[in-house]
Amino acid sequence: MNYNDRVHRIGRITGISVLIMIILIPTVICMKYNIFPPVINLLKGIGMVCMIYIPMCAAEFATYTPMLGTSGSYLAFVTGNVTNLKIPCALMCMENVGVKPQTEEGEVIAGISIAVSAIVTVIVVFVGMLAVVPLEPVLNSAVLKPAFDNILPALFGALGAYWIQKQWKLAVTPLAIVVLVFAIFNVPAGAEGVMIPVMGVISVISARIMYNKKFVKEV
């Protein structure tokens, strides 16, 4: 059994195990306290969630898997926070080491960086869990609320500025489409999670076209 076969085997076992645990926890709680939601309401809720997340997950899978490789993809999709944590972490680590995505070296670096990111996240969450009660008045203060409301834009702004500085032409098409969509259509709150992977696919397609037309060069 080679490396990829072992990664796929471990990844599938881990993914199925995590899925079972996710389903098992609310099931055990419902059985313990004898509280079960009505079946119709449960199915409606599942249907609404699936309508939003199945297309988004499919787009994320198609967009991010080539960047992360086999091991990185399994780790990222099992541990979560793919868009706002794992992808920036993997890309920055590959950039600092000097390797490219879709290479053996890039896959190794992506896997290591995502694993370290997951471990650090667990440690930070554990420390935050212990400190949340004494820090609750500070975290809920009106002074810090604007900062917490803009964490995601700040993260992607900082990451985007770095890459736009290197290849600003590649940012024109996705940025123009996003601005037009939000200016013309009444986009509901929370749709940003769907727009990010969709714009990722559009960015890849536009970048390929511009590269073939010699508008941009590989860096």
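Read-outs throughout are calculated quantities, based only on the coordinates presented, and are distinct from any laboratory measurement. Note that this is a predicted model, so its numbers are computed, not measured. Note that each Cβ is placed from the backbone with ideal geometry, even for glycine, and that neighbours are counted across all protein chains shown.
At a Förster radius of 22 Å, what calculated FRET efficiency corresponds to the Cβ-Cβ distance of M21 and I112, to the nearest 0.05? The computed FRET efficiency comes out at 0.35. At 222 nm, what value in deg cm²/dmol follows for the chain if DSSP H runs of at least 4 each add -39500 (n - 2.57) and the sum is divided by all its residues, to the nearest 500? Value at 222 nm, helices only, nearest 500: -28000 deg cm²/dmol. Each peptide among 69-81, 22-34 gets the average number of other Cβ atoms lying within 10 Å of its residues, and from highest to lowest they stand as 69-81, 22-34. Cross-link partners of K86 among lysines, defined as those whose alpha carbon lies under 24 angstrom from its own and excluding same-chain residues fewer than eight positions apart: K100, K166. Over the Cα atoms of the stretch 1-103, each weighted equally, I'd like the Debye log10 I(q)/I(0) at q = 0.23 Å⁻¹, rounded to two decimals. Taking Cα atoms of the stretch 1-103 as identical point scatterers yields -1.28. Relative to the longest principal axis of the Cα atoms of the chain, the long axis of helix 3-33 lies at roughly 30 degrees.
Each label point was placed 7 Å from the Cα along the Cα-to-Cβ direction; for F156 and F36 their separation is 4.1 nm.
Put the Cα centre of the stretch 118-155 next to the Cα centre of the stretch 167-182 and the gap is 31 Å.
Using only the C-alpha atoms of the stretch 1-48, find the volume of their convex hull and express it per residue in Å³. It would help to have the intermediate numbers written out before the result.
Numbers: hull volume 4.0 nm³, N = 48.
In the stretch 1-48, the Cα hull volume divided by residue count equals 84 Å³.
Computed over the stretch 92-166, the P(r) tail beyond 21 angstrom holds 53 percent of alpha carbon pairs. Any chance you could give the angle, 0 to 90 degrees and rounded to 10, that helix 104-139 forms with the longest Cα principal axis of the chain? Long axis of 104-139 versus the principal axis of the chain: about 50 degrees. Taking amide H atoms as placed 1.01 Å from N in the peptide plane, the amide H of V216 lies under 5 Å from those of Y211, each 5 or more residues away in sequence or on another chain. With respect to the chain, whose longest principal axis is taken over its alpha-carbon atoms, helix 151-166 is tilted by about 20°.
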